[in-house]
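The values are calculated or read from the model by the stated rules, or taken from the named source; none is laboratory data. A quick note: this is a predicted structure, and the numbers were derived from the prediction, not measured. Quick reminder, even Gly has a Cβ in these numbers, built from the backbone with ideal geometry, and neighbours come from all protein chains shown. Each accessible area value is taken on the protein alone, full model and side chains, heavy atoms only, with ligands, DNA and RNA left out. Shrake-Rupley method; radii C 1.70, N 1.55, O 1.52, S 1.80 Å.
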Amino acid sequence: MQKKVFHFSNSSVDYYFGGRISKIKEVVGSFKTVFITDENVFSAHEKQFKSRDVIVLKAGEEYKIQPTVDSVIQQLIEMEADRKTVLIGVGGGVVTDITGYVASIYMRGIAFGFVPTSLLAMVDACIGGKNGIDVGVYKNMVGIIRQPSFLLFDSSLLQTLADDEWRNGFAEIIKHASIKDAAMFKELEQNDLSFYQKKKKDLGVLIRRNALLKTKVVQQDEFEKGDRKLLNFGHTLGHALENQYGLPHGQAVSIGMAYASSLSQKFIGFKNANKIVSLLGQYGLPTFVEFDKDKVINVLKMDKKKTRDSISFILLEEIGKAFIKEISIKELYENL
Ligand SMILES: NC(=O)c1ccc[n+]([C@@H]2O[C@H](COP(=O)([O-])OP(=O)(O)OC[C@H]3O[C@@H](n4cnc5c(N)ncnc54)[C@H](O)[C@@H]3O)[C@@H](O)[C@H]2O)c1
Ligand SMILES: [Zn+2]
């Protein structure tokens with residue numbers, strides 16, 4: 001396994017690209033470990049969890065909540081996990097978010113690492129140290145920014161991932177391309193989901209490219225004072241739709257990106273909104289949903305990106321070039 005070290009403001013993270021979960025011992029050495037996963041990943045990859053201490057969560061965003069955190073903490077106490085125990089989140093973004101959060105508060109903080117198992121977690125959720133949970137309809141309302149010790153990328157785990165979940169991962173990949181990487185946008189236009197599912201090498205390159213893109217953004221702005229905010233493209237409206245209507249994260253973000261592209265057109269004359277919408281469609285993602293404007297605006301008012309009566313919205317100037325614009329709630333309401 002090839003190790004690459006990335007430095008953040010007060011820690012460093014070891015990335016293992018082309019890794020294998022079966023070689024996890026090479027990463028954690030003799031430390032006591034507790035694996036945290038969900039029931040789907042556990043049953044699809046049972047062999048990998050044999051003779052390990054493992055906590056299996058119910059699968060799904062609806063369990064990314066405080067009672068799950070309480071139950072994990074209770075189990076850690078029963079397993080006699082101590083300050084030297086390393087928590088390893090093996091799963092999609094829900095598992096990695098919960099694992100990172102629990103590790104950050106258990107005994108005032110213990111070490112943790114991730115083996116992302118969904119495409120979305122590999123290219124996005126496992127990177128950057130944001131760990132947290134939802135509160136009611138408010139996404140990621142409670143949490144912390146704290147980096148893991150390691151990330152192990154094993155793309156063979158994706159063999160058991162459902163097609164819809166692959167599509168959700170592509171929502172974040174298209175987001176990265178839209179805000180930062182016009183060349184990747186072109187590459188994506190020339191291919192499709194089944195291409196990447198078949199061509200392991202191209203998939204590996206794509207995952208690495210996205211992981212590095214996000215890493216670079218986070219390294220430059222770990223605590224989200226500026227450029228990191230661009231990663232929220234499609235997420236402001238996306239989050240509001242996600243928990244309000246129970247949409248999967250990737251689908252909600254896809255619809256959010258379509259709206260943000262059309263707002264970019266209205267507000268600053270962005271010319272390629274149609275290209276964004278058609279690329280999302282090419283990867284099987286939705287770009288429109290009927291929603292109750294008042295309900296969604298109410299959730300938006302509580303968004304963390306909101307200050308007083310306006311919201312920091314991410315707009316596109318051109319493909320590969322995004323920027324932040326303050327939009328008043330009123331203006332947004334009129335243009336939704
Ligand atoms: N922390 C961050 O910076 C960050 C960034 C992006 C997204 N997120 C969070 O990530 C979450 C979305 O992540 P997700 O899409 O991975 O969701 P998820 O964790 O719910 O996984 C999606 C589904 O795929 C299943 N699954 C995962 N890997 C599998 C595998 N290899 N084989 C079979 N089934 C598998 C899961 O059990 C689940 O049912 C959201 O909660 C979002 O807020 C966090
Ligand atoms: Zn996202």
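Here are some notes:
- Against the conditions (1) at pLDDT below 95; (2) open to solvent by 70 Å² or more (accessible area, probe 1.4 Å); (3) not hydroxyl-bearing (S, T, Y), K271 satisfies every one except (1).
- Taken over segment 210-263, residues that are in a helix (DSSP H, G or I), open to solvent by 10 Å² or more (accessible area, probe 1.4 Å), out of contact with any strand residue (DSSP E or B) (no Cβ under 7 Å at 6 or more places or on another chain) and among the basic types (K, R) amount to 2.
- D292 meets the stated requirement of being more than 14 Å from I327 (Cβ to Cβ), surrounded by fewer than 16 Cβ atoms within 10 Å (Cβ to Cβ) and over 25 Å from the mean Cα position of the chain (by Cα).
- Test set (1) touching a residue at least 60 places away in the same chain (Cβ under 8 Å); (2) more than 27 Å from D97 (Cα to Cα) - V277 fails condition number: (1)
- Residue in segment 270-293 that is part of a helix (DSSP H, G or I), more than 29 Å from K186 (Cβ to Cβ) and in contact with a Phe, Trp or Tyr (Cβ under 7 Å, 6 or more places away or on another chain) present: yes
- If the condition is being crowded, with 16+ Cβ neighbours inside 10 Å and among the aliphatic types (A, V, I, L, M), then segment 3-40 contributes V13, I21, I24, V27, V28, V34, I36.
- All positions within segment 294-336 that are part of a helix (DSSP H, G or I), more than 23 Å from F270 (Cα to Cα) and of a type in the set (K, R): K295
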